[in-house]
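Written below as structure tokens is the structure these notes are about.
Every number in this text was worked out from the coordinates using simple rules, so none of it is lab data. Keep in mind that this is a model prediction, so the values were computed, not measured. FYI the Cβ positions are ideal-geometry reconstructions off the backbone, even for glycines, and counts take in every protein chain you see.
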Amino acid sequence: MSLQPVILDFDHSVGDLPDALTIDFTDWQEAIRFGCSNRRMDALARKLDAELPTDYGTVFMGSGDFHHLSLPLIRRLRGKGPFQVVVLDNHPDNMRFPFGIHCGSWVRRVAALPFVSHVHVLGITSNDVGAVHAWENYLTPLYRGKLTNWCMDVDTRWATRIGLGRAFKVFTTPDELIDAFLATLGSLPAPTYLTIDKDALSPEAARTNWDQGRLLESHLNAVIDALAGRLVGSDINGEVSAYEYSTPWKRWLSHADGQAPVPESELAAWQEQQRALNQRLLARIR
């Protein structure tokens with residue numbers, strides 16, 4: 001029997017999903033969106049513990065600005081470990097953030113969890129893993145062999161020069177990347193937590209408010225199918241929503257990360273595209 005999906009409703013971007021449990025987090029949006037203090041994240045984790053049922057299906061959290069919520073969702077599953085984490089994302093989400101945790105820094109913390117055997121981040125085309133931004137990446141999970149970045153369109157030779165070549169796998173096409181990853185899955189089967197940020201997709205598959213990668217829906221489907229029967233949990237984000245921060249430092253950080261405002265005239269069409277994709281992904285994960 002399929003488990004009930006969950007919507008963590010921060011920004012009203014997910015819309016309706018059949019039989020979903022919706023938990024209202026709108027009062028938390030300003031505090032959590034993009035980034036927050038460790039104390040605030042711990043408070044949110046306690047609310048999740050109070051609100052979520054014992055068993056549930058895929059969790060939808062709205063915008064990719066909330067991808068750091070994968071951390072408390074994964075921590076809740078410590079009793080199901082050890083398991084690996086598979087992240088579909090156009091960014092490594094392993095970047096330095098001195099103010100707590102944000103949507104681009106959570107992977108380092110997941111990789112440090114003792115019950116997580118490995119983290120694979122698939123579909124990176126962002127220059128966040130390029131030489132110019134090398135100093136911003138947390139290196140410890142890479143050196144410890146707990147994190148592998150699967151990339152396209154970016155020069156990662158800096159990593160080879162400092163002994164991290166094995167942690168970066170670079171491909172020319174999405175087909176090559178996904179085929180190589182599926183071969184790895186086949187040789188090392190393990191229970192898995194799957195988290196999908198739809199900015200890993202080409203804009204023709206789904207429009208997001210972040211710079212986007214090159215994967216197609218068929219590539220996501222191939223990964224989901226390969227993980228059938230071994231998922232311990234899953235979440236999906238990357239919806240589009242219009243939001244203006246009231247906190248000056250968040251406005252500055254969002255601007256510095258190059259987030260362009262979603263055109264108001266296109267928001268409804270983008271959300272409709274996203275919601276149709278959510279339905280298909282949810283049906284497949286079940």
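Quick notes on this structure:
- Averaged over residues, the count of other Cβ atoms within 10 Å places the peptides 98-111, 225-238 in the sequence 98-111, 225-238, highest first.
- Rg(Cα)/(2.2 N^0.38 Å) for region 192-257, N = residue count: 1.39
- Helix-only [θ]222 nm of the chain, DSSP H runs n ≥ 4, -39500 (n - 2.57) each, per residue, nearest 500: -9000 deg cm²/dmol
- In order along region 61-78, phi translates into HN-Hα couplings of 10, x, 4, x, 5, 10, 5, 5, 6, 4, 4, x, 5, 6, 4, 5, 9, 4 Hz, rounded to whole numbers, per the Karplus curve 6.51 cos²θ - 1.76 cosθ + 1.60 with θ = phi - 60° and x for Gly and Pro.
- Region 184-257: GluC sites (Glu not before Pro) in DSSP coil with no more than 15 other Cβ atoms inside 10 Å: E204, E244
- Within the listed set H118, H133, H12, the residue fluctuating most in the Gaussian network model of the chain (springs between alpha-carbon atoms under 10 angstrom) is H133.
- Straight-line cross-link partners of K250 among the lysines, defined as a Cα under 28 Å from its Cα and at least 8 positions apart when in the same chain: K47, K198.
- Using every pair of distinct Cα positions in region 139-276, the Kirkwood expression returns a hydrodynamic radius of 17.3 angstrom.
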